[in-house]
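What follows is a short report on a single structure.
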Amino acid sequence: MFAVTKSFIVHSSSIHLQRGSAFQPTSRLKLIFNTARSSHSSNDHDNRATSESSKEDVNVTFETASNDKQLIIQKGEILRSAMLKRGVSPHNGRSRLINCRGLGTCGTCAVEVTSNRSSSSSSSSNNDHDDDEAIAPRERNAKERLRLNFPPHGSDDQSSNLRLACQIQINDSVTIKKRTGFWGQNTDELAEEFESELWFGELEFILDDKSPSRKAE
């Protein structure tokens, strides 16, 4: 072991070098090390807490002619992706195969969506706030406006709550209704429930870049 012939102190590293002795860490160096280790542990805990809070679940009530089904989905998921992954389809019948896979052009995933929170609120201003929180974007985007105003959609009695499931994220408890017709365009009767069919596997979600699970990939 290397020994030092003259006693001196290296202040920059807080290490004492004494005659006839090896390098010895001072209590100050130990304190710095322990503080850093404690801080790292605290950061890990905070990161885990943040990660867990970002995985908050929300409830979706899916109403069809067959039944009412409760779906537990991850906050921020695209509705189409969330439904398909949980075994139910926003598409009717053969449109489960013949659709645009989330591009927003076919219109077959059209569903009526309402916030469950707004139904229990008496103030219209509060309703607006709740809807804004539950569904994003709150208003139809450009693709929705174009497709939902193009036949066979766009009838005079079309619900103002009709949205494209592939274009909206769900952030709070909502109720969705699926109407009859290949595009779900009819306004009077609820459609029967159809099981999801993932014909193309993970490619069914290739255009979904907003759901939390897709962002992490």
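The values are calculated or read from the model by the stated rules, or taken from the named source; none is laboratory data. Predicted model, so just to flag it, every value in this text is computed and none were measured. In this analysis, Cβ positions are derived from the backbone assuming ideal geometry, glycine residues included, and neighbour counts consider all displayed protein chains. Please note that ligands, DNA and RNA were not included when accessible areas were found on the heavy atoms of the full protein model with its side chains. Shrake-Rupley method; radii C 1.70, N 1.55, O 1.52, S 1.80 Å.
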Q.
Here is a check on your reading of the model: is GLU193 acidic (Asp, Glu) and modelled with pLDDT of 95 or more?
A. yes
Q.
Checking the structure you have, find out if any residue of segment 162-183 is among the charged types (D, E, K, R), modelled with pLDDT under 95 and either closer than 20 Å to ASN92 by Cβ or open to solvent by 20 Å² or more (accessible area, probe 1.4 Å) (or both).
A. no
Q: Would you tally the residues in segment 58-100 being open to solvent by 40 Å² or more (accessible area, probe 1.4 Å), assigned to a strand (DSSP E or B) and more than 21 Å from THR187 (Cβ to Cβ)?
A: 5
**Q.** Search result, residues across segment 195-213 that are surrounded by 15 or more Cβ atoms within 10 Å (Cβ to Cβ), in a loop (DSSP other than H, G, I, E, B) and either free of Cβ contacts under 8 Å to residues at least 40 places away in the same chain or hydrophobic (A, V, I, L, M, F, W, C) (or both)
**A.** LEU207
Q: For LEU146, indicate whether it is modelled with pLDDT of 95 or more and open to solvent by 60 Å² or more (accessible area, probe 1.4 Å).
A: yes
Q | Count of residues meeting criterion [in contact with a helix residue (DSSP H, G or I) (Cβ under 7 Å, 6 or more places away or on another chain) and at pLDDT below 95] in segment 93-137 | A | 6
Q.
Looking at segment 148-172, I want the residues that are within 16 Å of ASP188 (Cβ to Cβ) and have a partner that is among the small types (Gly, Ala, Ser) and modelled with pLDDT of 95 or more with Cβ atoms under 6 Å, at least 6 apart or on another chain. Which pairs are those?
A. HIS153/GLY107; LEU162/ALA110
**Q.** Residues satisfying the stated conditions in segment 149-166, i.e. within 16 Å of THR114 (Cβ to Cβ) and not in a strand (DSSP E or B)
**A.** GLN158, SER159, SER160, ASN161, ALA165
Q | Where LEU190 falls short, out of the listed (1) exposed (fewer than 13 other Cβ atoms within 10 Å of the Cβ); (2) in contact with a strand residue (DSSP E or B) (Cβ under 8 Å, 6 or more places away or on another chain); (3) not acidic (Asp, Glu) | A | (1)
